[in-house]
Amino acid sequence: MRVLSVVLSGGSGSRLWPASRQAFPKPFMKLGDSTLLQQAIERGQACGTGDLMIVTNKDHLFLTKDVLAQMSDPPETTFLLEPKGRNTAPAIALAALQCEQQFSGDTVMLVLSADHLVPDVEAFVASASEAFRLAQEGSLVVFGIGPTAPETGFGYIEVERVSRQSQRAVRFVEKPDLATAQEYLATGRYYWNSGMFCFTAAAILAALERQAPEVLHAARHALDSAKISGNTLAFDLHAFGLQPDISIDYAVMERADNVHVVPAKFSWSDVGSWPAVAKARPADASGNTLPDDVVAVDTTGTHVHVESHGPKVVATLGVHDLVIVDTPDALLVAHKDSAQQVKKVVDVLKSRKHEAINLPAVVHRPWGTYASLKEEEGYKVKRITVKPGEALSLQYHHQRAEHWVVVQGRGIVQIGEVEHETLPGQYRYIPLREKHRLTNTGTEELVLIEVQCGAYLGEDDIVRLADTYGRA
């Protein structure tokens, strides 16, 4: 039996703003010692999956590769790159078509989300083994989570009676209101829909042909027009956009008659809000979940998350049941009862076209990172890191000059046609409209302090002349 892990790594995680941004979404957030994406990959590996397929946005490929590079034993991976989000039915259809073509229709696909938390991997493996058996028999399997509260943020699956045994699904129901969710819990006939699935490629393709042929046909067209480079498939924007924007639940699972529910023997969280993040962390005697260096006085039930460019004292006094998320460029203070509504804050910022919904305080690029440390009228100070062997694009600016000081590592600074080897403590001046480039020629990370001077300091004042990453 060949088993393929298919990890769906999309979504922006707007309810976890400001730690999660469009350019650095929830799968790349660390919970514990590793990112949620890495945990999903390792969960599949624990089940014996030898191959991996990741469906993600094209702009997140380098972040995804960074996660894999940090793993001690990364699996052989195929990347399906979406030019924009298009929901789970098209993503799964594309993955199944590619799986059938690359391996076989008999391959069992274990479909996981990149942003779920499953602490007990051993228990997950036990549930997955049952799912593999049912999938080989032709079933479409969904993992059901035993509900512990009348949650209104999850879809539900009705069965004959909740038990420890796998059974056929009676029906799928969408996110209910509170009164309906309370009714569901009282009946003892409903699971939460985890959004994790298992089936053979042939079974899900046959179900799509029967239940949602328009999804399957559009996926075939998108796959046929994809640009293939090694293990990476990049989909054409137009062809990809012709696919219906529909979930796999609506498209197939609600209509199919061969859906089985495997009850989860593991604890699970979709980490969909800050209180959910708090529950995933050990609390102190006062119910607080916070870093060791936070000063908490007369504080109970409060979650604190701190990101800072340097040492910072965060203190709470006389507060209870709050969520406090402090990043270098944004601060969120919310009552836990209102934390599910953080998306409303994001919507307001979006209407104001505020950069804080898109770019995080530390912006990741294929070559490294940059962070704005200080900005006032006429100047901006940045900290730039460049990975060994990587280089920024050859570029120039219309409205700013730049001053560069290397503080760690070694590199080549090209100014005009001249290249300068530059070591820690050395300084280079980039005049207005002069082409320039920075390359890390060392074996360690290069760190640069950049001071921009000019009347306009926006990120769009950049003209790329050449670029390793195809952005010129």
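If Trp274 meets every condition in (1) over 23 Å from the mean Cα position of the chain (by Cα); (2) on the phi < 0 side of the Ramachandran plot; (3) not assigned by TED's automatic domain parsing to the domain that holds Leu117 apart from one, which number is that one?
(1)
Residues Thr107, Thr88, Thr64, Thr49: which one is within 26 Å of Lys265 (Cβ to Cβ), surrounded by 17 or more Cβ atoms within 10 Å (Cβ to Cβ) and either under 15 Å from the mean Cα position of the chain (by Cα) or free of Cβ contacts under 8 Å to residues at least 12 places away in the same chain (or both)?
Thr88
Just one of the numbered conditions (1) in contact with a helix residue (DSSP H, G or I) (Cβ under 8 Å, 6 or more places away or on another chain); (2) surrounded by 18 or more Cβ atoms within 10 Å (Cβ to Cβ); (3) assigned to a loop (DSSP other than H, G, I, E, B) is not true of Pro244; which one?
In the conditions (1) in contact with a helix residue (DSSP H, G or I) (Cβ under 8 Å, 6 or more places away or on another chain); (2) surrounded by 18 or more Cβ atoms within 10 Å (Cβ to Cβ); (3) assigned to a loop (DSSP other than H, G, I, E, B), Pro244 misses (2) alone.
Select, from Ile41, Ile54, the only residue that is buried (at least 21 other Cβ atoms within 10 Å of the Cβ), in a helix (DSSP H, G or I), of a type in the set (Val, Ile, Thr) and on the phi < 0 side of the Ramachandran plot.
Checking each option against the conditions leaves just Ile41.
When only residues in segment 110-127 that are surrounded by 15 or more Cβ atoms within 10 Å (Cβ to Cβ) and farther than 17 Å from Cys198 by Cα count, which is nearest to the chain's Cα centre (by Cα)?
Filtering first and then ranking leaves Asp115.
With the structure loaded, tell me whether Glu209 is free of Cβ contacts under 8 Å to residues at least 12 places away in the same chain, in a helix (DSSP H, G or I) and in the same structural domain as Cys99 (by TED's automatic domain parsing) or whether it fails that test.
Yes.
Of the residues Lys374, Lys382, which is free of Cβ contacts under 8 Å to residues at least 40 places away in the same chain and either surrounded by 18 or more Cβ atoms within 10 Å (Cβ to Cβ) or within 30 Å of the chain's Cα centre (by Cα) (or both)?
Step by step, each of Lys374, Lys382 is checked, and only Lys374 is free of Cβ contacts under 8 Å to residues at least 40 places away in the same chain and either surrounded by 18 or more Cβ atoms within 10 Å (Cβ to Cβ) or within 30 Å of the chain's Cα centre (by Cα) (or both).
On the basis of being within 26 Å of Lys26 (Cα to Cα) and not aliphatic (A, V, I, L, M), does Pro388 make the cut?
The answer is no for Pro388.
Tally up the residues in segment 14-34 that are crowded, with 21+ Cβ neighbours inside 10 Å and either closer than 16 Å to Trp268 by Cα or under 9 Å from the mean Cα position of the chain (by Cα) (or both), please.
Residues in segment 14-34 being crowded, with 21+ Cβ neighbours inside 10 Å and either closer than 16 Å to Trp268 by Cα or under 9 Å from the mean Cα position of the chain (by Cα) (or both): 6 in total.
Quick check on Ser267: is it in contact with a Pro (Cβ under 9 Å, 6 or more places away or on another chain), at negative phi and not in a strand (DSSP E or B)?
yes
The values are calculated or read from the model by the stated rules, or taken from the named source; none is laboratory data. None of these values were measured; they are calculated from a predicted model. Neighbour counts are summed over all protein chains in view; Cβ atoms, including those assigned to glycine, are modelled from backbone coordinates with ideal geometry.
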